[in-house]
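S.K.: Provided herewith is a single structure, encoded as structure tokens, for subsequent inquiry.
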Ligand SMILES: C[S@@+](CC[C@H](N)C(=O)[O-])C[C@H]1O[C@@H](n2cnc3c(N)ncnc32)[C@H](O)[C@@H]1O
């Protein structure tokens, strides 16, 4: 509640500071002074806002209140086309944050190291990164294991293009512009997922239906709700969780598909 109060108070002070600075600049012009340039009015608003919030808001607000009017003024100087371009780039990059509630964030080097150790230890020949982002995980692994096959699925257009370009010389690495939910995982020994908590149960169900009996799911950081992982591996600041298939009797149809 206190947090909401400070956010509300911060925006109120910002708005008031801008109104006061505009009124003061009007008075200066009325009294025969020069018309104040926009950047000076914005700086004045920043100063007023910072001083007004000094005692009542958390300290980090001071910088925000000082800089915000100048940034708003700077934004107004830009051609609206720049905002449109920025929005388009954002959509092309973060398309799946809206569609599947999985935004882009990248696995670090420690994760690639941990996956490489799993691939070496676990006899993985066909590895898939579901939601491969810009393809840097796959590119690093494909370079390290030229005799194994790597596949990535990505539907954020810009990320897909970057991943394709990154892996263009790697014969053992394929990137597909395809929704991984609409793709069979039957051909993979290991599936790597760095997604969000939201789809994990669905990922696990697909794993149970489609991966070969010895297949493994490696999920960075996000657990399958209600399921104990088979193993945990350190991967920098995160854990790499490993899930296998449940031991269950297969139906005749499943046996023939496996
Ligand atoms: C958190 S990022 C991980 C990127 C990369 N795997 C890594 O570890 O650096 C998740 C990626 O999954 C992609 N994604 C989410 N849902 C998807 C779907 N249904 N099909 C294909 N890609 C998807 C997003 O666009 C995003 O690039």
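S.K.: For residue 129, which of the numbered conditions (1) in contact with a strand residue (DSSP E or B) (Cβ under 6 Å, 6 or more places away or on another chain); (2) touching a residue at least 60 places away in the same chain (Cβ under 8 Å); (3) assigned to a helix (DSSP H, G or I) fails to hold?
M.R.: Every condition holds for residue 129 apart from (3).
S.K.: Still on this structure: Against the condition under 28 Å from residue 169 (Cα atoms) and more than 10 Å from the ligand (Cβ to nearest atom), how does residue 122 come out, does it pass?
M.R.: Against the criterion (under 28 Å from residue 169 (Cα atoms) and more than 10 Å from the ligand (Cβ to nearest atom)), residue 122 qualifies.
S.K.: Any idea which residue in region 188-200 is farthest from residue 211 (Cα to Cα), counting only those that are under 22 Å from the mean Cα position of the chain (by Cα) and more than 10 Å from the ligand (Cβ to nearest atom)?
M.R.: So, considering only residues that are under 22 Å from the mean Cα position of the chain (by Cα) and more than 10 Å from the ligand (Cβ to nearest atom), the one farthest from residue 211 (Cα to Cα) is 197.
S.K.: Please work out if residue 177 is near the ligand (Cβ under 7 Å from one of its atoms), over 20 Å from residue 239 (Cα atoms) and either touching a strand residue (DSSP E or B) at 6+ places or on another chain (Cβ under 7 Å) or assigned by TED's automatic domain parsing to the domain that holds residue 208 (or both).
M.R.: Considered against the rule, which asks whether it is near the ligand (Cβ under 7 Å from one of its atoms), over 20 Å from residue 239 (Cα atoms) and either touching a strand residue (DSSP E or B) at 6+ places or on another chain (Cβ under 7 Å) or assigned by TED's automatic domain parsing to the domain that holds residue 208 (or both), residue 177 comes out as no.
S.K.: Further question: Can you pull out every residue in region 164-173 that is touching a strand residue (DSSP E or B) at 6+ places or on another chain (Cβ under 6 Å) and more than 14 Å from the ligand (Cβ to nearest atom)?
M.R.: 172
S.K.: Could you list, in sequence order, all residues of region 135-157 that are within 16 Å of the ligand (Cβ to nearest atom), part of a loop (DSSP other than H, G, I, E, B) and over 13 Å from residue 112 (Cβ atoms)?
M.R.: Residues satisfying the conditions are 154, 155, 156.
S.K.: What about residue 185, is it within 14 Å of residue 216 (Cβ to Cβ), away from the ligand (no atom under 11 Å from the Cβ) and in contact with a helix residue (DSSP H, G or I) (Cβ under 7 Å, 6 or more places away or on another chain)?
M.R.: The answer is yes for residue 185.
The values are calculated or read from the model by the stated rules, or taken from the named source; none is laboratory data. All of these numbers come straight from a predicted model, not from anything done at the bench. Methodologically, a virtual Cβ is constructed for each residue, glycine included, from the backbone with ideal geometry; neighbour enumeration extends over all protein chains shown.
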